[in-house]
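Quick note: the coordinates plus some simple rules give every number you see, no bench work behind them. In this text, all values refer to a predicted model and were calculated from it rather than measured experimentally. As a convention, Cβ positions derive from the backbone with ideal geometry for all residues, glycine included, and neighbour counts pool all protein chains shown.
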Amino acid sequence: MKIKTVLLSLMVFLSFQTQEIYSQTESLAKPVIAVSETMEDDSLDKLVAVLKHDLEQKEYLSDFEKEISISFQLDTFRIEKQLQKNIEKDSSTAGMVQAAYDAEKNYDLLLNKYYQVLLNKLNASDREALKLAQRNWVYFRDSERKLSNGLVKEEYSGGGSLQRLVVAADYLDLTKKRVVDLHKYLLRFNSL
């Protein structure tokens, strides 16, 4: 039981850490993630509606900034709430590992969404720079994943099922950070 508490605390910590990153970016209203299939529709929809209303009351520099900021906040909010719900539903190590991998897949969908938005905003030469940066990031991500998987060997970490959760959290964190970076790039645009 103590291990489950530690694991849950780790996942909650990572979730809060990500929320802090988002709040630092001063955070598009088109949801990509269909989390309501596994979470109660009414509760999530109400929370999203309240958040959207609050975000719409803020002042933005442009209509584009408003659209991108609201969309980003709603998209990430949905993923984080679903992650939390999945962990509450199954707090076993396997359940939390699966919840982290599911969240990472949803963040990967967001990564592709915001990458495409950014790509479409750039001129031809800057598109090539973004494509190169993304290819390099994918290489970096894959290298980090390989390292993370290697560090869970018994000779380094002592092994154990907790290590699977650490790797899943690493995967999730890498993708989240890239989504945040793409969002920050989009916030640099101050016109339609």
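Between GLU56 and ALA94, what is the FRET efficiency for a Förster distance of 35 Å, r being their Cβ-Cβ separation, to the nearest 0.05?
Efficiency, rounded to the nearest 0.05: 0.30.
Binned at 5 Å from 0, what are the whole-percent values of the Cα-Cα distance distribution for segment 113-188, short to long?
The percentages, shortest bin first, are 3, 14, 20, 18, 13, 10, 8, 7, 4, 2, 0.
If you split all Cα-Cα distances of segment 78-150 into 10 Å bins from zero, what percentages do you get per bin, shortest first?
Per 10 Å bin, starting at 0, the Cα pair percentages come out as 18, 34, 30, 15, 3.
Checking the table LYS105/LYS153; LYS81/LYS153; LYS85/LYS121; LYS52/LYS85 against a 28 Å threshold on Cα-Cα, which pairs fail?
From LYS105/LYS153; LYS81/LYS153; LYS85/LYS121; LYS52/LYS85, over 28 Å: LYS81/LYS153; LYS85/LYS121.
Pulled fully out, how much extra length does the chain show between ARG135 and PHE189, if you take 0.36 nm times their separation in residues and subtract their Cα-Cα distance?
17.2 nm
Under unit Cβ charges (Lys, Arg +1; Asp, Glu -1), what dipole magnitude, rounded to 20 debye, does segment 43-122 have relative to its Cα centre?
With Lys and Arg at +1 and Asp and Glu at -1, about 120 debye.
What pairs from LYS46/LYS131; LYS66/LYS146; LYS146/LYS176 go past 27 Å between their alpha carbons?
Checking Cα-Cα distances, LYS46/LYS131; LYS66/LYS146 exceed 27 Å.
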